[in-house]
């Protein structure tokens, strides 16, 4: 069994994950508010129809924001899972190999589930 992170390091990563979570939740709220504001602004008081290029741009922007929000939600789930692993004292342990994930990797990607070797293997196989 690999040696686990001490309480001080777990607290550091917990605070880091909570900051990431708050930032992502704020981003999602901002995108939702922006989208709601865009919908309210669509009422054309001049009586003229919107130009097709404007409609296409609006559709592209909406799709782009949905894609960003989807990615943010996926990261948010990973952050929540990492916070749960901290509570269970299994944070920093690769979910597949059981090896310890290096702190340098956790600092770069605090919600990492796998050590680098396993992640590279999964990426090669088209996994996560």
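To make sure I understand, if each residue's beta carbon is the centre and we count other beta carbons within 10 Å, what order do 99, 125, 89 fall in, fewest to most? Before the final figure, lay out the partial values.
Numbers: 99 15, 125 8, 89 12.
The most exposed by this proxy come first: 125, 89, 99.
Modelled this way, with points 7 Å down the Cα-to-C-beta line, the labels at residue 97 and residue 56 are 4.8 nm from one another.
Legend: ranking of residues 55, 118 from fewest to most surrounding C-beta atoms inside 10 Å; resulting order 55, 118.
Between residue 4 and residue 68, full extension at 0.36 nm per residue minus the direct alpha carbon distance yields a gain of 19.6 nm.
Placing a pseudo-label 7 Å from each Cα along the Cα-to-Cβ vector at residue 19 and residue 90 gives an inter-label distance of 2.7 nm.
Quick note: the coordinates plus some simple rules give every number you see, no bench work behind them. Predicted, not measured: the structure shown is a model, and the values here were computed from it. When we count neighbours, we look across all protein chains shown, and the Cβ atoms used for this are built from the backbone with ideal geometry, even at glycine.
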